[in-house]
1. Kindly give the semi-axes, whole Å and largest first, of the ellipsoid equivalent to the range 106-266, taking each as the square root of 5 times a Cα gyration tensor eigenvalue.
2. Under 16 Å Cα-Cα from residue 237, which lysines qualify once same-chain neighbours fewer than 8 residues away are excluded?
3. Where Lys and Arg each count +1 and Asp and Glu each count -1, what net charge lies around residue 175 among other residues with Cβ under 14 Å from its Cβ?
4. Pairs 145/239; 40/264; 30/145: which are spaced more than 26 Å apart, C-alpha to C-alpha?
5. Output the relative contact order of the chain, whole-number percent, from Cα pairs under 8 angstrom with separation of 6+ residues.
6. Using Cα positions and a limit of under 19 Å, work out the lysines in reach of residue 7, with same-chain residues fewer than 8 apart set aside.
7. For the range 137-214 and the range 87-103, what is the centre-to-centre distance using only Cα atoms, to the nearest Å?
8. List the residues, sorted by chain then number, that are 5 or more residues from residue 199 or on another chain and whose placed amide H is less than 5 Å from its amide H.
Amino acid sequence: MNASTKKIESRQNAQFKYWRSLTEGRGLKKGEHYLVAGSKLVNEYLASDSENVRAIIGSSECGASLTDESESFLAHDFFDLSSSLFEELDVLGARFPLLLVSQSPLHQIEELSKYTSNENCLVLPLSDPSNLGACLRSAKAFGFKNIVLCAESANPFLPKCVRTLASPLFGFRFFQGGSFSTILGELDGEVLCLDLDGEPLQDAASNLTGPVTLVVGEEGKGFEKWQQCAEQLLIRKVKIAHNSSVESLNATVAVSIALWEISKRLN
């Protein structure tokens, strides 16, 4: 048996209404919890980040029940929802128990300089949660744990972002700033911005000696709107050199290549 099991069948249940709010950005802004879906990811969280798991939410009616009798499953409270309620929470259609997980703390942008003197940083003003999740996956792979979010950024705890990351969110240090333009003014040290008009990244990275802050342009806008600001701040614009038959790379591909190139030069 789990630590405790509770049946929930009413849409007016306060816990259910709170969980439902976590499927969209408004509920997540409270900064308390988020939902994790998918059998592989659920099991990975239970194996590596179990101390931050607060509950398991499933439904015996629609097959999203627990069959695992391992200690990691049984150590947490289980909420057994009616099929209709569970389907409202299971927005990705995983049909597997969800995890309620504590969010990691969100740091203020003013704290960023304490870490960027000896650690790399990635600025992601991406509004699409799937693109944000894909970039976070690459950031984790190449050791960029300081992540700056802008007012334009999607919430990293949205279900689509968590699914695309496909790895536990622990280990990241998130910083919340204002608009993209104001965040540019908060950056110091070696700052590289991905932009089609920049110098080849391979050339710029050849003389890197210390931590780097990599900035991604806004989706569909790049740095055109912030050109003057970037010039005043002496931010270096870089691009991923590629075959001219392709106009541009999408943000997730460009970020992955850039992170690989930077980490290769610094390690």
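Laboratory data are not the source of any read-out in this text; all were calculated from the coordinates shown. Since the model is a prediction, treat every value here as computed from it, not as a measurement. Because the Cβ atoms are built from the backbone with ideal geometry, glycine has one as well, and the counts that use them run over all protein chains shown.
1. Working: eigenvalues 87, 66, 53 Å².
Equivalent-ellipsoid dimensions as semi-axes: 21, 18, 16 Å.
2. Within the straight-line limit of under 16 Å, residue 237 reaches these lysines: 221, 225.
3. Numbers: positive: 114, 145, 173; negative: 110, 111, 119, 186, 188.
Result for the neighbourhood of residue 175: -2.
4. Numbers: 145/239 22 Å; 40/264 30 Å; 30/145 22 Å.
Beyond 26 Å: 40/264.
5. Details: 502 pairs, mean separation 51.0, N = 267.
Rounded, it is 19 percent for the chain.
6. Qualifying lysines at Cα under 19 Å: 17.
7. 27 Å
8. For residue 199, whose amide H was placed from the backbone, the distant partners under 5 Å are 237, 238, 239.
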